[in-house]
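Worksheet: the structure to be examined is printed underneath.
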Amino acid sequence: MRFPPRITRIGAAAAVLSALLVGGTVTATPAAAAVGSICYSDLPSQAYDTLELIEQGGPYPFSQDGTVFQNRERILPSQPSGYYHEYTVITPGSSTRGARRIVTGEENQEDYYTADHYASFDLINYGC
């Protein structure tokens with residue numbers, strides 16, 4: 001299991017409060033608003049298997065696992081190319097990779113889950 005991400009909602013709230021206190025403005029970006037949160041315990045069981053494989057460094061069931069995620073949808077926070085990597089979460093009964101993925105951000109060790117092939121993301125909260 002990975003350690004909890006260092007990016008928290010408390011950090012975002014502190015940034016907003018700081019901007020307001022010094023007379024700055026706060027603008028919401030579509031990416032920040034589109035990322036939700038999901039408790040680790042609420043993930044499908046197959047996501048636990050994927051997270052365990054990531055922790056072990058593989059082997060992965062699909063050749064695309066571990067490849068760079070481009071963030072073309074611009075839902076996740078903007079980062080340099082190569083920052084994010086994607087991994088398949090097996091979908092029972094699917095003859096393809098399905099739509100479920102874990103996307104990792106290595107520097108801050110954040111893990112995101114998407115059940116709808118990148119239309120939305122939830123930051124995995126390991127503390128609940």
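Things to note:
- In this simple spin-label approximation, Tyr60 and Asp42 carry label points 7 Å from Cα along the Cα→Cβ vector, and these lie 2.6 nm apart.
- Neighbour counts of C-beta atoms inside 10 Å place Thr50, Thr114, Thr96, Thr67 in the sequence Thr96, Thr67, Thr114, Thr50, starting with the fewest.
- Three-way shape call for segment 37-128 based on the alpha-carbon gyration tensor, with the a/c threshold at 1.5: rounded
- Counting 0.36 nm for each residue step from His85 to Gln109 and taking away their Cα separation leaves a gain of 7.5 nm.
FYI, it's all coordinate maths here, none of it is from the lab. Given the structure is predicted, the values throughout are model-derived calculations rather than measurements. Note that we place each Cβ from the backbone using ideal geometry, even for glycine, and neighbour counts take in every protein chain shown.
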